[in-house]
Structure formats: C-alpha cells, structure tokens
C-alpha cells in the first residue's frame, strides 16, 4: 500500500521476495492480519480475489491491468481456467504470484484497489449485496458503516486492524459535492475539513482567501490532443511539428487554467523517481522563435493566406476544454490556420474516438493508475485501445518491447522507456499540452496530509485537531 | 367514481408501455455508450461488460429482456453506480425528493394562495402591487441565483444553517432548499390565484351572494375561493409531479441525495437502466397526478361529476 507520500510500504504482507528472473513474487502475509469479522487473512483470499477479477462474469473494468499475471488474460477472455493462473497459495500465509515477464511496477500496481483481497465467504453467501454497509468485511484500517449514494460514505475505525493503535481517526465521512462553488462554501463554513476540487478559474481569489490551505502541485496526469496520425495532411511529421510549436502552453497553463496546470512537452509527467521524462526539442525555445519556425514550416508545405490549413478540434463538454480549444484557435490564427471546433458530450466524444471516427485533433487525458512511465507510454502502443491517434512507429514498439524485456534492470528499463518516449514526442504521436496538478483545500486542523504526485491521502495516517 | 378511477388506471397501461418503448429506442440512438470514458477500456474487458449487461444482444432482444424485467418489478443494475440497482437508487433518493418537493409545494400553495387572495381583494392598491412585484421577481430570478445567495447569506455570513447537504432531512438542512424550490412556484400560484379570484369576485353567483347580505368573509372563503381554486388545481397537478420527482438545480447546488440529478446524470452517462427507471417513475407520477387533479375537480366544482 501507499504511505502519506505515496511511497510503497507493506500492507497485508509483511515481506516478499522476487525471483532472480523477476517473474515470481512470493509474499509472506502478516500473522496478525485479520478481517474485520475476525477471520484470518489468508493467501487463499488473494487467490480468490485475483481469480474473481479475471472471471469474465465479474466483468471487472480493471481486469486488463493485471494481465501481467501469468494466465490472467486467458481467463478473462474465457480461454483459460482460473486455477491455471499464476496466483497460488503455498500455505495459508504464503502467496506466490507468477508474471509473464519481469514487471518492475508490479508492486506499484498492488496499491490499486483492483488487487485487494476480498472476503470469499461473504461474497459467496451475500452475492452482490456483500458491498452493503453492515455486510462488507474488510481488512483495512476502516470499515464501511454507511453509504448513501450522492450523500455520504461513512467509515469507522476497524479495531481488528493490525496497526489499529496508530489509527487516529474514529470516523471519516466522505462527502461528494458536485457543485464546486458549494463545496468551497461548505469548506469555509467548516462542514468539510478537506475538499479535493475547487473552481480553478477562481484560483487567485481562493489563494487570497485561504492562503496555504490551497494545496496545488504536480499530479500524474497528462492533458493532450490525439492527432489522426494516418490521415492527410496530419500524417506529415513536419506539419504536426509546426502546429505543436505554435501552441503557447505557458499561456494555456497560466491564463486558461489559472496556473492549475503545468505546460507539457512530453507524455510522462515529472514526479516518477528515477525517470527522466523526454521533452520536445523546442521546449526551451521562446515562443516567438517557435512561431517563426512554425510559420516557415507551413510556408514550405505550401500553406499560407492563399491556401489556409483547416484544422478541426474535437473536445468533450467542459468550460475549460472549450477555453483551451479557443485559445489554440487564436494562437494558430496568425499562422493562417483556420481552426474549427466540434463539441460533444463525454460519452459521444470517447465513443467517437473508440470507433476510430474521423477527426483532426481531439482532446484526451490520461491519469496514472500506478506510478510508472509505462502507464503513460502504453496508451500509445499500436494495439492499445487508447491509441486514438492510430500512432504506429516500429521503432517505438521495439523500444517499448526492449524496455519490457529489461524489466529486471530498473535503470536500463527507465533509460529505454525514456528513449521510447523521445521517439513518441518527436513523432508527436500525441500532442501533449499540459500536465495536471492536484488541487486540494486542506484545513490546518488536519495533520498527516502530505502532498504527493498520486494525490492519495490514506485516512489511516491522518489525524484531526480541535 | 371508483369505476372511473379504475378505467383511468387501465388506460394508463398502454400509455406507459408506449412511453417505455419510445424512450428505450430513442435512448439508444444517442452516440457513445455507458463504457466510453477518458480511460479507454481493453476490448476483452469491454466485451465482458457488455455481455454482463446483455448489451451484446440485438436491440430488439434487449428490449424484450428489459420489458420482461420491468414486468417483474426489476429495474436492473445501474451501470454507473454498479454497487446499486436502479431500484436501490430510487428507494433511497425518491423519499428525499418527495419530502423536499412536497414541502415546497405546500409552502407555495399556502403562501402563494394567501398572497393571491390578498392581492385580489385589494386590487390595484399597494398590497396588490407589492404582491405582483414579489411574484414577478420570484418567477424571474432563477433558482441558480437564489440558491447560492441563500447559502452565502444564511449559511456563511450569518451561519444560521448548514451551507448544503441533507443531514437525513432535518429542518436546518431542509429549510433553504425548500424555500428556494418553492419561490418560483409560489410566485406562479400567487399570480394565478389573484387572477382567478378577481374573476370569481366579479361573477354572477358572488354578486348574488353579496346581494343576499352574506358576510364578506363567507362570500370570499366559501363561494369565491371555491371557484377560484380550479386553475390552481389544474396547475398543481403537473407541478406536483415535477416537484416530487426532484429538481436538478436545487439538488445539485445543495448537494441533496435525491433523484432529480439522475435525470441528467443518467442520460449523460448513458446509464441506460437508470434512464429508463427515471422515465418510468416520472411517467407514473404524471399519470397519477393528472388523475388526482381530475378527481379534485369534482370536489371543487359541483358541475363536474364522474359517474
């Protein structure tokens, strides 16, 4: 699991070993690990959870994330048997997981909720109702007490948790507030101790009012435009480069997003330890030089006032997405590029992209599921369902494969991934625009709330004064 | 009377069937699906999801499956909130919306009605102008203005009430949303009441009643009010159906866990089963309240009978 800084710490397992070839993980489950009903947490619970995740009937959204486990994908497609998966209980307290290939981010993946154990007996006796308050048996620091959709989720301290003595909070209420202005007022009135969103267009006012209670920092998420890579005229690398150069990302970050975003020249955001993200070669060029260069490229390609380049941007409904597209439209106008926009609701937008519908540039975003560059680079691989650009460069595939093969050697792997990212960035397989940042309002009463790139803040480590 | 009610309810069945059918197919015309999102799904995962919800079947078969479930009282699972069934969501949300809507409706009818009568009795005098001015303001200032204003003044500056939330429906949480929701209705009721009261006061039977020397209280309350109520009754029926099934704006701004938001959210999320659930619930409310209005006519207006 993750500590307050989103660093890995042991959770249900007290220790683990990895085989020399990096494919077999053996976890020793802590002796004092028990479920909230008193049953011991066993290796079987994990085996059951992993099998259940891949069972096609469960139809789990995150099943594909764990295809790295040997035999998992086969189970999920219906071709393989669950018991043949690479997840075995050696004894009640020893779990062995076998992977297809060395996967250094496997441990990071285990922080994701899809990999948590589930209490088999209650699922088997209660069916879908096992998640209801009162029914749900868990092995974490808290248990579910109440859940009213759109109103609140109330969790209470689990006295059977192995580290219960260090859990300070007795009750935590999670309160969703759809309207962000209301959320701010609720926070101001003291009804909320923390809120994880705010109207970023009012950021300056909020900072003036709340000072350092406004916490903003880099978050592992990338805001980019997919570009129809295999369609004229966008299949021309020089043209993609000119468009990307001409976009003033500083303006977008500062003026459109009120400094709640960071200019991006690569696909992988900063903040992954040991990894040096790739950057476009024009990242440090000043905007005027870039515009000159872009104009030159466009002229060479025969575009100009007499033959304007037509570009259509598709985006999903959101005030900020609209403002971003409008700003880009304005920025490209002096270069003689005529930008038009198509706005659809989120489902239509992503439905269109998934069906490989026609477009020039289309907004997309990616938030890391786990802290590894692979999470950001995998989406541009040829076979990925999220490769909306239809990006395909054999060199990129080669480097990504090489990085996967180098799984055992973390340093070498990151180096190869960075090379792959450089290929992607130079190719503009996607056009990165901005990196996301987290924005939390946190009351000074809360202690133990540490800012981190994953924006995770386990209640287990938080306490409240006064 | 009873036979009339039964007949009306029976004729509602084909109406509901038609509404369900049209909605089911219209909903599926919208592009995109429940599983299209920023985080694109792996094709295998998507196929598993579609199979689990029968979305891989031909549309006519899905329709028959849905009808069959519906006839067995099963509204299906929500795609967007997979831990809840559509029935679960209505079981927790509908009582909240009904409580909120009914309180607002009663408030609007009583206060609006009294204001309307007062305005009619003091026609073209200052009390009348005051009521008309208030009513105009009430019906023109939108809820998305009054709601944040209420939160700012009473929740933050004066700190008399919580800013938002439902708190299980206690008075402090409820009062703001009820007033905000009632205001536009109140204004409409006041104007309707004033108009129909003025007309009633000029009618022949009132002139006769006055000529007979009845006290003006008896004239107004017993005779004029009764006939003046007819437009209010016809207005209140559809208004009740709309209010009791939740208000999108009020529930969103006040973070109230009612069903009002589902109408919009379900459609935007392509949460097909929840969309159908809301359609059925609204349709039933409209049918029932139209029936109640028609029955109330008979009570208020002696000329109307259902035998």
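The values are calculated or read from the model by the stated rules, or taken from the named source; none is laboratory data. Being a predicted model, the structure only gives us computed values, none of them experimental. Glycine gets a Cβ as well: all are built from the backbone with ideal geometry, and neighbour counts include every protein chain shown.
Points to keep in mind about this one:
- Hey, residue A:225 modelled with pLDDT of 95 or more and not in a strand (DSSP E or B) or not: no
- Residue within region A:172-183 that is outside any helix (DSSP H, G or I), more than 13 Å from chain B (Cβ to nearest Cβ), within 12 Å of residue A:443 (Cα to Cα) and touching a residue at least 24 places away in the same chain (Cβ under 8 Å) present: no
- Subset of region B:12-51 [at negative phi, within 14 Å of another protein chain (Cβ to nearest Cβ) and touching a residue at least 60 places away in the same chain (Cβ under 8 Å)]: B:27, B:28, B:30, B:33, B:34, B:36
- Residue B:106 meets each of the listed conditions (1) away from chain A (no Cβ under 12 Å); (2) in contact with a helix residue (DSSP H, G or I) (Cβ under 9 Å, 6 or more places away or on another chain); (3) more than 30 Å from residue B:306 (Cβ to Cβ) apart from (3).
- Helices (runs of 4 or more DSSP H) wholly inside region B:203-260 that include at least 3 residues being more than 14 Å from chain A (Cβ to nearest Cβ): B:204-211, B:225-244
- Enumeration of residues in region A:281-320 that are closer than 15 Å to residue A:225 by Cα and buried (at least 20 other Cβ atoms within 10 Å of the Cβ): A:311, A:313, A:314, A:315, A:316
- Selected residue (only one of A:136, A:85 is within 14 Å of chain B (Cβ to nearest Cβ), in contact with a strand residue (DSSP E or B) (Cβ under 8 Å, 6 or more places away or on another chain) and surrounded by 15 or more Cβ atoms within 10 Å (Cβ to Cβ)): A:136
- Residue within region A:53-72 that is under 30 Å from residue B:260 (Cβ atoms), in a helix (DSSP H, G or I) and at pLDDT below 95 present: no
- Residues satisfying the stated conditions in region A:151-165, i.e. under 17 Å from residue A:38 (Cβ atoms), part of a strand (DSSP E or B) and touching a helix residue (DSSP H, G or I) at 6+ places or on another chain (Cβ under 8 Å): A:157
- Among the candidates B:131, B:189, residue that is away from every other protein chain (no Cβ under 11 Å), buried (at least 17 other Cβ atoms within 10 Å of the Cβ) and within 19 Å of the chain's Cα centre (by Cα): B:189
- Filter result (part of a strand (DSSP E or B), over 22 Å from residue A:241 (Cα atoms) and within 11 Å of chain B (Cβ to nearest Cβ)) within region A:337-387: A:344, A:367
- Answer residue from region B:149-160, given it is surrounded by 20 or more Cβ atoms within 10 Å (Cβ to Cβ) and within 10 Å of chain A (Cβ to nearest Cβ) and is farthest from the chain's Cα centre (by Cα) among those: B:155
- Test: residue in region A:20-33 that is farther than 29 Å from residue A:141 by Cβ and buried (at least 20 other Cβ atoms within 10 Å of the Cβ): yes
- Restricting attention to region A:168-177, the residues that are surrounded by 15 or more Cβ atoms within 10 Å (Cβ to Cβ) and under 24 Å from the mean Cα position of the chain (by Cα) add up to 2.
- Of note, residue B:115 satisfies the criterion of being more than 12 Å from every other protein chain (Cβ to nearest Cβ), more than 21 Å from residue B:258 (Cβ to Cβ) and within 24 Å of the chain's Cα centre (by Cα).
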